[in-house]
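A.B. asks: If you scroll down you'll find the structure; I have some questions about it.
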Amino acid sequence: MATQDTAPHEIDPTYHEAQPPRMVDSTAFPPTESLKQELGRTELGLDDVIDPDFPWQVLAHDSPGGKKRVEEIKKKKAQAVQGYVVVHSRFWQQFRTPEYLPGAQTRTYSYTVGRSRSQSSSVEAGIEVALGLEKGIFKGELKGSLKWTTTTEQAFSESETRTVEQQFEGDCWYFYWQTMNELTVFRREKASPDALVQAQRVVAPSSLVMIDRFKVQQPREAPAMRLGAGAVTLKKGQSKAFGGYVFASTKVSVKNLSNNDDGELTLSWMGLGGRIVVNLGPGSVKHVDRYLPVSFNAIDSGVTELEVWTAT
C-alpha cells in the first residue's frame, strides 16, 4: 500500500484517483469523504424502477381491491414522474479513525472489499434488488453506459475482509482511505425535471486503499491538570466535551467516586467514530494518555459518579 508524505497546502476535497483529500496543517483535518466523481449515467423508464414512493409492483394484483390500488398508484406515478436516472460515481472515504503514532512501529489494519449480499445471487441480481430495479434490467447496455469495469464488478461482489501488516514511521498522523463505488437511482419529477431526487442508493468499497501520512514537525506535550483543579463530575449517562490537542499528548484522568460499584467512562472522537472505554474498580483512578484530534467527548457509561479532568 502507498504511504506518502503530506506537505501543508490548500485542501482539494474533490475526487482524484491518485490522491484522497489531504491534511492541510495542525488544525485542519481532511473530510471523512471526498466529493464524488461521476463515471457514467443512463436513463430508465417509469416501469423499470420499483420506486419506494410508488411501489405498485410489490402490491397484490389478485383481487379487485388490489388491482384498483395498483392502478391508482401507477396513475399517480405517471402524473408525478417523468423517468429515472441511474448514476455511477466514485469517491474516497476514510475507513477507520485517523491516528497519531509518536514512535515507529509495525501495525496491522483491516479493510473490506465488496458488499454483503446473498451468495446465491449474482452481482447483477444483488444490485437490482438493492436499487429497486426490475429483474433483468441491469445488464450489458446499461452497464456500458455506467462505465462498468472489472474493478467495479469486484467492488460489488461478495464481501471480503483483508488484513495488512505494515511498518509505520513515528511522529506522524495517518489517514486510512479507500475508494467507494456508488450506484444511485434518481427520480426525474415532472414538476422540476432538472432537479433529480434520490430514490435508491447502494455503495460498495473497492480494493484501492491508500494510507496518507502527515509528518509532524514539532510535536509537543500538554501539561496535565492536577486532580481537583477544574475536574468535572459526571453522573450516569452525563457527558462533557473537552478540547484536545492535535499535535500534543492529551492526558485524560478519571476517578470512580463510588467505593462499592465499578465505573465506566467512554471517550469518543467527535465526528470521527473512534472511542476508548475505561473501566474502573471502586474508588480507583485511571489515566489515558493519547493523541486525540481537536476535541473529544467523555460520557459516564456506567452506573456510578465519575470525576474527569484533563490537560489544558
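A.B. asks: Could you please find all residues in the stretch 171-213 being in contact with a Phe, Trp or Tyr (Cβ under 8 Å, 6 or more places away or on another chain) and outside any strand (DSSP E or B)?
C.D. replies: Result: Leu196, single match.
Table: residues versus (1) open to solvent by less than 50 Å² (accessible area, probe 1.4 Å); (2) closer than 17 Å to Glu99 by Cα; (3) modelled with pLDDT of 90 or more.
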site: Lys251; (1), (2), (3): no, yes, no
site: Gly273; (1), (2), (3): no, yes, no
site: Val277; (1), (2), (3): no, yes, yes
site: Lys286; (1), (2), (3): no, no, yes
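A.B. asks: Now a separate question. Collect the residues in the stretch 136-170 that are more than 19 Å from Arg117 (Cα to Cα), among the β-branched types (Val, Ile, Thr) and either part of a helix (DSSP H, G or I) or in contact with a His (Cβ under 7 Å, 6 or more places away or on another chain) (or both), keeping them in residue-number order.
C.D. replies: If the condition is that a residue be more than 19 Å from Arg117 (Cα to Cα), among the β-branched types (Val, Ile, Thr) and either part of a helix (DSSP H, G or I) or in contact with a His (Cβ under 7 Å, 6 or more places away or on another chain) (or both), then no residue fits.
A.B. asks: Within the stretch 102-135, work out how many residues are buried (at least 18 other Cβ atoms within 10 Å of the Cβ), charged (D, E, K, R) and part of a strand (DSSP E or B).
C.D. replies: The total comes to 1.
A.B. asks: Do the conditions hold for Glu165, that is, is it over 28 Å from Glu43 (Cβ atoms), open to solvent by 50 Å² or more (accessible area, probe 1.4 Å) and under 19 Å from the mean Cα position of the chain (by Cα)?
C.D. replies: No.
A.B. asks: Filter the stretch 136-162 down to the residues that are under 15 Å from Phe95 (Cβ atoms) and either of a type outside the set (A, V, I, L, M) or surrounded by fewer than 13 Cβ atoms within 10 Å (Cβ to Cβ) (or both) and list them by number.
C.D. replies: Once the filter is applied, which keeps residues that are under 15 Å from Phe95 (Cβ atoms) and either of a type outside the set (A, V, I, L, M) or surrounded by fewer than 13 Cβ atoms within 10 Å (Cβ to Cβ) (or both), the stretch 136-162 yields Ser159, Glu160, Thr161, Arg162.
A.B. asks: Right, another one. May I ask you to list pairs of residues, at least six apart or on different chains, whose Cβ atoms are under 7 Å apart, with the first in the stretch 51-63 being of a type in the set (S, T, N, Q) and the second being open to solvent by 40 Å² or more (accessible area, probe 1.4 Å) and modelled with pLDDT of 85 or more?
C.D. replies: Gln57/Ile50
The values are calculated or read from the model by the stated rules, or taken from the named source; none is laboratory data. Keep in mind that this is a model prediction, so the values were computed, not measured. Positions of Cβ are backbone-derived with ideal geometry, glycine not excepted, and every protein chain shown enters the neighbour counts. When the accessible area is computed, the model is the full protein with side chains, heavy atoms only, and any ligands, DNA or RNA have been set aside. Shrake-Rupley method; radii C 1.70, N 1.55, O 1.52, S 1.80 Å.
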